[in-house]
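Input: a single structure, listed below in structure tokens.
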């Protein structure tokens, strides 16, 4: 049986063992590029253009050395679905090839997803969001739990849990992670924070390390807690009273020497005019 993959130590079950698990000999063929379709369970959505161009140039010079792994498509007759090797398939198209070497195996949907996740995790090709979405598919579609995912992938349960928590972040932050502007270490700090996008932009703009970002969040949480504790309940009631009469958000900040400021936050000119009318009517 052809084994087109090397198993990396310490990373769960390699692709070679997964292929062996099918219990069916694989067949090596040359397949028409047009007869191959992408894996519907492929966790990887983003391919680095520079890296893909380099592979394209290599394939132009040497051809596709490592066969891609495919299975027969369940949805389209006479088509083969990629299990592992989509990047090679794309580069081969860019290089102008009409056919590629392929290893055909029999695999159900679960095996197909397992193949795709293991290959990408071993090659460290997935961004943190793609990795988390792959684990989420195993959990939601195939009834895995975090412990089973961890054992299968060869990662700690804590790592799996931290990956999955990233999916709870706002879409704007998820996009920053996918674009490589925000690392997994930075993103993990932002989970569950109300002003997470503001902090994410600050981390990026200031080029803060993970340690510096943790300190920033710690300071902001402490500052917010102190403000909550020190806020005079009478001032709070006054804020609410003014806001009820004007329909405009009001912030009152009182200093130790009993000086301070009142801030009105209006969203448009109509709110500003209404505020002016209220002030004129009462003073």
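The values are calculated or read from the model by the stated rules, or taken from the named source; none is laboratory data. Just so it is clear, the structure is predicted and the values come from calculations on it, not from any experiment. Reconstructed Cβ throughout: ideal geometry from the backbone, glycine too, with neighbour counts over all protein chains shown.
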Practice problem: Go through the residues of segment 220-228 one by one and say whether even a single one is surrounded by 16 or more Cβ atoms within 10 Å (Cβ to Cβ) and either under 11 Å from the mean Cα position of the chain (by Cα) or modelled with pLDDT under 90 (or both). | Solution: no
Self-check item: Options 117, 83, 129, 160: the member that is in a strand (DSSP E or B) and buried (at least 17 other Cβ atoms within 10 Å of the Cβ)
Solution: 83
Exercise. Tell me, please, whether a residue that is in a helix (DSSP H, G or I) and free of Cβ contacts under 8 Å to residues at least 12 places away in the same chain can be found in segment 62-75.
Key: yes
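Please work out if residue 58 is at pLDDT below 80 and surrounded by 13 or more Cβ atoms within 10 Å (Cβ to Cβ). Give the derivation first.
On the way: at pLDDT below 80: no; surrounded by 13 or more Cβ atoms within 10 Å (Cβ to Cβ): yes.
Spelling it out, it is not the case that residue 58 is at pLDDT below 80 and surrounded by 13 or more Cβ atoms within 10 Å (Cβ to Cβ).
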Quiz item: Filter segment 138-152 for residues that are in contact (Cβ under 8 Å) with a residue 12 or more places away in the chain and touching a helix residue (DSSP H, G or I) at 6+ places or on another chain (Cβ under 6 Å); which is farthest from residue 110 (Cα to Cα)?
Solution: 146
Quiz item: In this structure, does residue 175 turn out to be assigned by TED's automatic domain parsing to the domain that holds residue 41, without any contact (Cβ under 8 Å) to a residue 40 or more places away in the chain, under 18 Å from residue 44 (Cα atoms) and surrounded by fewer than 17 Cβ atoms within 10 Å (Cβ to Cβ)?
Solution: no
Quiz prompt | Single residue of 65, 33, 19, 46 found to be surrounded by fewer than 19 Cβ atoms within 10 Å (Cβ to Cβ) and at pLDDT below 75 | solution = 46
Quiz item: Got a sec? Which of 111, 137, 151 is closer than 28 Å to residue 182 by Cα, in a helix (DSSP H, G or I) and over 21 Å from the mean Cα position of the chain (by Cα)?
Solution: 151
Self-check item: Meets criteria (crowded, with 19+ Cβ neighbours inside 10 Å, closer than 22 Å to residue 211 by Cα and more than 9 Å from the chain's Cα centre (by Cα)) for residue 187
Solution: yes
